[in-house]
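What follows is one structure encoded as structure tokens, with my remarks underneath.
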Amino acid sequence: MAERVLETGRLLLREMTGGDFPALCRMLRDPEVMYAYEHAFSEEEARDWLRRQRDRYARDGIGLWAVVEKCSGEMVGQCGLTWQDCGYPAPVLEVGYLLERAAWHRGYATEAARACRDYAFDRLGAGEVFSIIRDSNLPSQRVARRNSMEVRGMFVKHYYGVEMPHLIFSVRREDR
């Protein structure tokens, strides 16, 4: 099993491994979970997603990590830090999160996102941390607000031929 990166009261966050692929597919191949992306992923797209995260771990030392329930030992989501472009002059450090449906409405996204935010400030020395969220994704926006983030701007992503407005949330170190 991959080494733990972060721990909260109920969750462990660790690098994803090839053994996490079935759990990852429960999220990425579920149309309800992937509604903000406008499509569920194919198996090949899910494999590419996992490969990109593992590449990020090697290149950046961060990425989306497996969110594992301590009580069950099951991977129920992913949450972590990635560098993202959002129309700013340079890429921004983003807290991203995605949970399987069975883990919704338990506070896991907020718990994991807060731990990642604090990791960015306390371990990486970030001055500001972002979450870039589809304008129609109200549950993720609520998580960002619970993470002390405020809307700082908006931009449009072009994904699979669809224009997708996104809100740019952030929190500064001194405001958390």
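The table that follows gives values for the structure above.
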{"item": "Hits in the stretch 47-77 - residues which are over 21 Å from R123 (Cα atoms), touching a Phe, Trp or Tyr at 6+ places or on another chain (Cβ under 8 Å) and aliphatic (A, V, I, L, M)", "result": "L50, V76"}
{"item": "Residue in the stretch 4-21 that is in a helix (DSSP H, G or I), free of Cβ contacts under 8 Å to residues at least 40 places away in the same chain and surrounded by 14 or more Cβ atoms within 10 Å (Cβ to Cβ) present", "result": "yes"}
{"item": "Residues of the stretch 79-99 satisfying the condition of being among the β-branched types (V, I, T) and either closer than 14 Å to Q141 by Cα or in contact (Cβ under 8 Å) with a residue 40 or more places away in the chain (or both)", "result": "V92, V95"}
{"item": "D122, sole failed condition from (1) acidic (D, E); (2) out of contact with any strand residue (DSSP E or B) (no Cβ under 7 Å at 6 or more places or on another chain); (3) surrounded by 16 or more Cβ atoms within 10 Å (Cβ to Cβ)", "result": "(3)"}
{"item": "Considering residues of the stretch 30-40 that are of a type outside the set (A, V, I, L, M) and more than 16 Å from the chain's Cα centre (by Cα) only, the residue surrounded by the fewest Cβ atoms within 10 Å (Cβ to Cβ)", "result": "E32"}
{"item": "G153 out of contact with any Lys or Arg (no Cβ under 9 Å at 6 or more places or on another chain), among the small types (G, A, S) and modelled with pLDDT under 95", "result": "no"}
{"item": "Top-ranked residue of the stretch 28-70 - restricted to ones that are touching a residue at least 60 places away in the same chain (Cβ under 8 Å) and in a loop (DSSP other than H, G, I, E, B), ranked as nearest to Y159 (Cα to Cα)", "result": "E38"}
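The values are calculated or read from the model by the stated rules, or taken from the named source; none is laboratory data. Remember, predicted model here, so these are calculated numbers, not experimental data. Don't worry about glycine lacking a Cβ; one is built from the backbone with ideal geometry, like all the others, and counts go over all protein chains shown.
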